[in-house]
1. Under 30 Å Cα-Cα from Lys117, which lysines qualify once same-chain neighbours fewer than 8 residues away are excluded?
2. Order these by the 10 Å Cβ neighbour count, fewest first: Glu96, Glu13, Glu184, Glu75.
3. On C-alpha positions alone, give me the angle between the axis of helix 86-96 and the longest principal axis of the chain, in degrees, nearest 10.
4. In whole Å, largest first, what are the principal axis extents of the Cα atoms in the range 36-79?
5. Top mean-square fluctuation among His191, His105, His32, Gaussian network model of the chain, C-alpha springs under 10 Å?
6. Can you give the calculated 222 nm mean residue ellipticity of the chain, where each DSSP H run of n ≥ 4 adds -39,500 (n - 2.57) and the sum is split over every residue, rounded to the nearest 500 deg cm²/dmol?
7. Taking the square root of 5 times each eigenvalue of the Cα gyration tensor, what semi-axes in Å does the equivalent ellipsoid of the range 1-60 have, largest first?
8. Which percentage, to the nearest 5, of the DSSP beta bridges contained in the chain is antiparallel?
Amino acid sequence: MIEIKNLNLTLREPILENASFSFEDGSIYLLHALNGVGKTSVLRVLVGLLKPTSGKVLYDGLNYEQVKDHVFYLETSDWFDKSLSGWDYLQFVKNEWKSNTDIQHEIDKWEMGNYIKTPIRKYSLGMKQKLLVALYRLSGAKYLLMDEINNGLDADSRKLLYQELSSLASEGKLILLASHYEDEIKNIIDHSLTIEHHKLVRT
């Protein structure tokens, strides 16, 4: 469970004011809102990239630093070091998150074999996004926070992604997904929420 308790977050203007919300394990949550409202900022504060003005974020009663090995958040493929290869990232995540997931299985599933050892600077957006998705499964993390992870994927890859998300939730993972594809993913999500009047509210 992730609990947000009385959270206040202000950047140029207030994003959250005294906001509280509980996210349950084994569920997929969709966070949707207009651009600029603060979806990405909410994800960042959950993983300590932004510091709230006040309030708490708890993972099963513990703070992020105590459970960060069980949390995976890679905000965008723009974060990739383009001089490295997808293979480098797969190995890094497997080792750092102490995962038992087979790297080759993920490569085959996402049809990355032809380019996985090529520097990322030569990847298309779709190639980078497939790698990003594969890293989430490979991490084995319990808490998976995703920001527009379906961006840049073709229709077949998005279908595979949604199957993967459903599978991960059935394994007890907690998935928080910020996305504009609300209509496309409504059949797999368990809960939908938005930012309204500086609160997280169910829709």
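Where a number appears in this text, it was derived from the coordinates with a stated rule and is not lab data. Computed from a predicted model, the values in this text were never measured in an experiment. Glycine gets a Cβ as well: all are built from the backbone with ideal geometry, and neighbour counts include every protein chain shown.
1. By straight Cα distance, Lys117 reaches Lys68, Lys82, Lys94, Lys98, Lys109, Lys128, Lys130, Lys142, Lys159, Lys173.
2. On the way: Glu96 11, Glu13 7, Glu184 14, Glu75 18.
Going from sparsest to densest Cβ surroundings: Glu13, Glu96, Glu184, Glu75.
3. That helix lies at roughly 60 degrees to the long axis.
4. 30, 24, 13
5. His105
6. On the way: 7 runs with 65 residues, N = 203.
Dividing the helical sum by the residues of the chain leaves -9000 deg cm²/dmol.
7. Values: eigenvalues 67, 42, 18 Å².
Over the Cα atoms of the range 1-60, the semi-axes work out to 18, 14, 10 Å.
8. Approximately 55 percent, going by the DSSP bridge assignments.
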